[in-house]
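S.K.: This is the structure I want to talk about, given as structure tokens.
Any read-out appearing in this document is the output of simple, stated calculations on the displayed coordinates, not a laboratory observation. If you're wondering where the values come from, they're calculated on a predicted model, not measured in any experiment. Don't worry about glycine lacking a Cβ; one is built from the backbone with ideal geometry, like all the others, and counts go over all protein chains shown.
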Amino acid sequence: MQTYGKIDSKFRFVILAAKRAKQLLRGAKVKIKTKTRNPIRIAQLEVREGVIDYEILKTAGENLLPTDEQVFTPDDDGADLDVGAGSDEEDYEEESEREEGEEEEEESSEEGGGEEREDE
């Protein structure tokens, strides 16, 4: 098993080392003595030895409702939201017609492509 120094997970180790490698590539000073000149290796060694400080931020996701508990609230005046011109049925019919046309085009192009391959 590999050790990642004081880091609790290999994913955090990779993220920290990648960010530190970017800093080194941009000209940051190396914090340890090493034989290698490869900034990626140097970053990995620095993170493993614990010379890189980091902070784990708390996420704001704790305040969100789960998707099955989300509630729709109408506007203050109680009016329905304006969804645009036309009805939902008209939009659905237009979309269905467009999809049917695309499917027919795909089928005809597939049939044509198959015949050309057989001739070769």
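S.K.: In terms of Cα to Cα distance under 20 Å, which lysines are near enough to residue 22, apart from those fewer than 8 places away along the same chain?
M.R.: List returned: 10, 31, 33, 35.
S.K.: Continuing with the same structure: What does the charge count around residue 3 come to, taking other residues whose C-beta lies under 12 Å from its C-beta (Lys +1, Arg +1, Asp -1, Glu -1)?
M.R.: Counting the neighbours of residue 3, the net charge comes to +1.
S.K.: Hey, another quick one. Taking 7 Å along the Cα-to-C-beta vector as the label spot, tell me the residue 3-residue 37 distance in nanometres, rounded to one decimal.
M.R.: With each label point 7 Å from Cα toward Cβ, the separation is 3.0 nm.
S.K.: If we count every other residue with Cβ under 15 angstrom of residue 47's Cβ, Lys/Arg +1 and Asp/Glu -1, where does the sum land?
M.R.: Values: positive: 6, 10, 12, 19, 20, 22, 31, 41, 48; negative: 8, 46, 49, 53, 55.
So the environment of residue 47 carries a net charge of +4.
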